[in-house]
Structures are given as structure tokens and as C-alpha cells.
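The values are calculated or read from the model by the stated rules, or taken from the named source; none is laboratory data. All values derive from a computational prediction rather than experimental measurement. Every residue, glycine as well, gets a Cβ built from its backbone with ideal geometry; the counts of neighbours run over all protein chains shown. Heads up: the accessible areas ignore ligands, DNA and RNA and are worked out on the full protein's heavy atoms, side chains in. Shrake-Rupley method; radii C 1.70, N 1.55, O 1.52, S 1.80 Å.
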Amino acid sequence: MAMTDWDACGQRLDAGMDALGLSDSGEVRDRLIAYLRELTTWNATYNLTAVRDPEAMVTRHLLDCLAVSDLVVGANLADVGAGPGLPGLVLAIARPELAVTLVESSRKKASFLRHVRRQLALDNVEVVQSRVEAFKPARRFDCVITRAFATAGDTVRGSGHLIAPGGRFVLMKGRDPAAEMDDLPLDFRHVETVRVTVPGLGAERHVAILEPGLI
């Protein structure tokens, strides 16, 4: 197996964060690379992501998630179907003031998330191994985010109970999900769809913003 050039990964991450206008003291960057190291190690055994090359992961995972940081509002965030922590764990590292709950039904992925939480001492992260429909938090969330999880309508029907009044859904999509907006429940409305540019990624990215409230 080829050796990973972690310096090149760091340089790609630095350039991408700079292009996104994200300030960094160096600690965030180092923690993101540490997360990537753990993901690469576990991925060899547990197949947590189809992307195998760490340099590609910088663009397709880290920068893809960081590109939506400004769209996340409020003090607490739930990542529904968190997988290996994309985007929730990445956002928790980049924004340590944000309380992030990672909701993931897969035991192996939840185990990985708990491992990274311990390794990186991410006190702002909670891991919940549960189907989202069964998760009943003590406090609802200012923001709920998903990445390649389900259609907008299915996402809202399955996890709308997690949103606090005045909160928002942030749905990360590839192509413009305009057609999905026709299937929203009546108690949620589509606010806007934002086209997102990910440095170094030659593919479409859109984010649909939904809010509770009658159309």
C-alpha cells in the first residue's frame, strides 16, 4: 500500500480553507488531519467511506463539509445519519463553540465516532447510536443537517421532531434538489437553495434550507 503524503494533505486543506475564507489558528487544521488519519486507518478494515485516497478525502469530505459551515445557525446541531462524521464531526472540529450531536444507527460507524471523540478530546460532541425516528432528545436542536441521507420529504418526516421552533434544516445535496421540494410536509417550508462551491471539486453542490412553519 502506498504511503500517504500527509504534508500534501495538509497543504491541500490549508489552500481549501483559505479559498473558503475560513480563519484557522492551526489547531483546527491539525485536528482535521488527525481525524483524517483515523478515518483512513479505520476505513481499511471497516469500509466507512468509498473514498480511499486521503488527498481525495480532503476535498471530497473535509472541504465539502467545511463549505457549508456558514449555513449552520444556532448553538446546537444534530447530524442525522452522521456516517463517519460527515459533516457533523468536521463542523464540530471547525466550530468548537457548537454543540454537535451525531445520530448514527450503524454500530461500527457509531464506534468510530466515539473513538474519534475520545482521541481528539471533542467535548462538544455527543454520539447517539439510534435510528433517527426513535431518537427523542431532551432538548430540540437549533439546526439539523444531513448529507446524502434521503429525499427532503423523507428527511423531514423522519427527523422533523428534532427541530426547535425557529430552527432550520440544512440538507446537503449534489444537483439542485428543486424537484424534492414538492414533497415537503405542510408544516415545513423551503426557504432557499444555495449553490455551494467546494475548492478543487469539479461537481455540483447545493444546500436546501428548510424551516418549520406552514407554507
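Working only within the stretch 1-28, note down all residues that are farther than 20 Å from residue 197 by Cβ, part of a helix (DSSP H, G or I) and among the charged types (D, E, K, R). Matches in the stretch 1-28: 7, 27.
Against the test of being in contact (Cβ under 8 Å) with a residue 60 or more places away in the chain and acidic (Asp, Glu), the options 176, 142, 70 yield a single qualifying residue, 142. For residue 86, the requirement of being in contact (Cβ under 8 Å) with a residue 60 or more places away in the chain and under 15 Å from the mean Cα position of the chain (by Cα) is met. Put simply, of 127, 156, 191, 198 the only residue that is of a type in the set (A, V, I, L, M, F, W, C), closer than 22 Å to residue 76 by Cα and in contact with a helix residue (DSSP H, G or I) (Cβ under 7 Å, 6 or more places away or on another chain) is 127. Just so you know, in the stretch 49-71 the residues that are open to solvent by 10 Å² or more (accessible area, probe 1.4 Å), part of a loop (DSSP other than H, G, I, E, B) and of a type in the set (A, V, I, L, M) include one that is farthest from residue 131 (Cα to Cα), and it is 67.
Residue count for the stretch 99-124, restricted to those that are touching a strand residue (DSSP E or B) at 6+ places or on another chain (Cβ under 9 Å), within 24 Å of residue 75 (Cβ to Cβ) and of a type outside the set (Gly, Ala, Ser): 11. Show the residue pairs that are 6+ apart or on different chains and have beta-carbon atoms under 8 Å apart, the first residue being within the stretch 180-192 and more than 10 Å from residue 210 (Cα to Cα) and modelled with pLDDT under 95, the second being in a helix (DSSP H, G or I) and open to solvent by 90 Å² or more (accessible area, probe 1.4 Å). From the stretch 180-192, the pairs are 185/157.
Here's a check for you: in the stretch 5-50, which residue that is over 22 Å from residue 108 (Cβ atoms) and of a type in the set (S, T, N, Q) is modelled with the lowest pLDDT? The qualifying residue modelled with the lowest pLDDT is 25. Among the residues here, residue 200 does not qualify as farther than 25 Å from residue 56 by Cα and among the small types (Gly, Ala, Ser). Please specify each residue of the stretch 160-186 satisfying the condition of being open to solvent by 20 Å² or more (accessible area, probe 1.4 Å) and closer than 14 Å to residue 133 by Cβ. If the condition is that a residue be open to solvent by 20 Å² or more (accessible area, probe 1.4 Å) and closer than 14 Å to residue 133 by Cβ, then 161 is the only one that fits.
Of the strands (runs of 3 or more DSSP E) that lie entirely inside the stretch 99-159, those containing 3 or more residues that are open to solvent by less than 20 Å² (accessible area, probe 1.4 Å) and within 27 Å of residue 196 (Cβ to Cβ) span 99-104, 141-147.
The number of residues in the stretch 187-207 being open to solvent by less than 70 Å² (accessible area, probe 1.4 Å) and over 30 Å from residue 11 (Cβ atoms) comes to 3.
Residue-by-condition table, conditions (1) touching a Pro at 6+ places or on another chain (Cβ under 8 Å); (2) at pLDDT below 95; (3) more than 30 Å from residue 202 (Cβ to Cβ):
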residue	(1), (2), (3)
65	yes, no, no
82	no, no, no
93	no, no, no
120	no, no, yes
138	no, no, yes
